[in-house]
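As structure tokens, the structure follows; a few thoughts come after it.
Nothing in this text is a laboratory measurement; each read-out follows from the coordinates by a stated rule. The structure displayed is predicted, hence computed values, not measured ones. Every residue, glycine as well, gets a Cβ built from its backbone with ideal geometry; the counts of neighbours run over all protein chains shown.
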Amino acid sequence: MRVVSTLFAAVALAVPAAAPRAAVHPSATTSAMFQSAAPPATSPSLATLDVYLVDVEGGQATLVVTPSRQSMLIDAGWSGLEGRDASRIEAAMKQAGITSLDYLVVTHYHGDHVGGVPAIAARVPVGTFVDHGPTFESATDTNYTAYLEARARGKHLQVKPGDRIPLAGVDVTVVAAAGESIRAPLAGAGGPNPLCA
């Protein structure tokens, strides 16, 4: 079985056919909309691709943990708010049984997506920061400059459409970056979605 899930038109995740199933876990702070989608996890799953949807109240933060225990955080919510979003991400990480992030992906530099990066990067080790490169907006924006300072303390991977993020056991393909998108559908994709007909 192949599981493919697109995350806000930025990356696509695919689990190889022989891999275990995917599981979606609402974190302790996930909104009610997601709480009805799956039962709360009581412990991290050792045999699934686990996806934690973290409620950052209007922004985005999605934690992905592979069966091999590698992790990827996609966006980190807002800055400020007494560290609210970083605390919620840390709670999801604890629920997932991880203490560091292998990859921290920033889809774009709006405050509700990149604002929380400096706070979470100050709390937990981040292996590689992944983004699309320079901002198209103000290079003096405080969220962007704070992100660049946090990113300077780790490795950096600048991606373009079609690139892959090397997360063990999962095919992570960038489908959109810096205003561009892939030119052809991913293998096994591109057909009509019967749920949207």
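Calculate I(q)/I(0) for segment 75-197 by the Debye formula, one identical point scatterer on each C-alpha and no solvent, and give its log10 at q = 0.14 Å⁻¹ to two decimals.
Debye curve over Cα of segment 75-197, log10 I(q)/I(0) at q = 0.14 Å⁻¹: -0.68.
If the viscosity is 1.306 mPa s and the temperature 10 °C, what Stokes-Einstein diffusion coefficient in µm²/s follows for segment 113-162 when Rh is the Kirkwood radius over Cα pairs?
Translational diffusion coefficient: 139 µm²/s.
Which order do peptides 80-92, 129-141 fall in by mean Cβ count within 10 Å, highest first?
Going from most to least packed, we get 80-92, 129-141.
With Kirkwood's inverse mean 1/r over C-alpha pairs for Rh, give me the Rg to Rh ratio of segment 48-122, two decimals please.
That ratio equals 0.94.
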